[in-house]
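The values are calculated or read from the model by the stated rules, or taken from the named source; none is laboratory data. These numbers were taken from a predicted model, which means no experiment stands behind them. Here the Cβ is made from the backbone with ideal geometry for all residues, glycine too, and neighbour counts use every protein chain on show. Remember, those area values only see protein heavy atoms, side chains included, never the ligands or the DNA or RNA. Shrake-Rupley method; radii C 1.70, N 1.55, O 1.52, S 1.80 Å.
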Amino acid sequence: MKKLATILFVSAFALAFAGCSEPDPVAENVTGELTEDDPRVEQDNSPYDEYRFEVAEGWTITGDMQSSAFDTYLWLIGPDGQSLVQDDDGGDGTNSRVSYTAPSSGTYTFRANSYNGEGRGAYTLHYTANPGQ
């Protein structure tokens, strides 16, 4: 009976923590394009692309967006759908750069956009999310 109780306890403990695993670090290089067919930002009707990824609390999130076709604008959106950080020219020239420490675990989103809402064309986005950077 003791052995069964021990097995049940260990099984319950393992199940309780099975869903609590930390996500894998993120390192993505994306080549995208803003077009007339993309979803639109409600406030200014500008096109955007979104990139979602899982992050654990305390991780550092960085994003670098570059384009020779338009002035880039990069947003980081938190798990609750609220904009956390936005950047226009934090990178070189008209390129965007974002760095942020996640206050909570969840799904974060980078939104690739243009500064004045009129930009269209190709861009590259490099983003990472890692523990303790």
- Which listed residue is modelled with pLDDT under 85 and either under 30 Å from Thr72 (Cβ atoms) or surrounded by fewer than 10 Cβ atoms within 10 Å (Cβ to Cβ) (or both), from Ser21, Ser11: Ser21
- Inspect all residues belonging to segment 52-62 and state whether any of them is under 16 Å from Gly117 (Cβ atoms), in contact (Cβ under 8 Å) with a residue 12 or more places away in the chain, within 12 Å of the chain's Cα centre (by Cα) and open to solvent by less than 30 Å² (accessible area, probe 1.4 Å). no
- Selection within segment 90-119 - surrounded by fewer than 18 Cβ atoms within 10 Å (Cβ to Cβ), more than 16 Å from Met65 (Cα to Cα) and either within 10 Å of the chain's Cα centre (by Cα) or at pLDDT 95 or above (or both): Thr101, Pro103, Ser104, Ser105, Gly106, Thr107
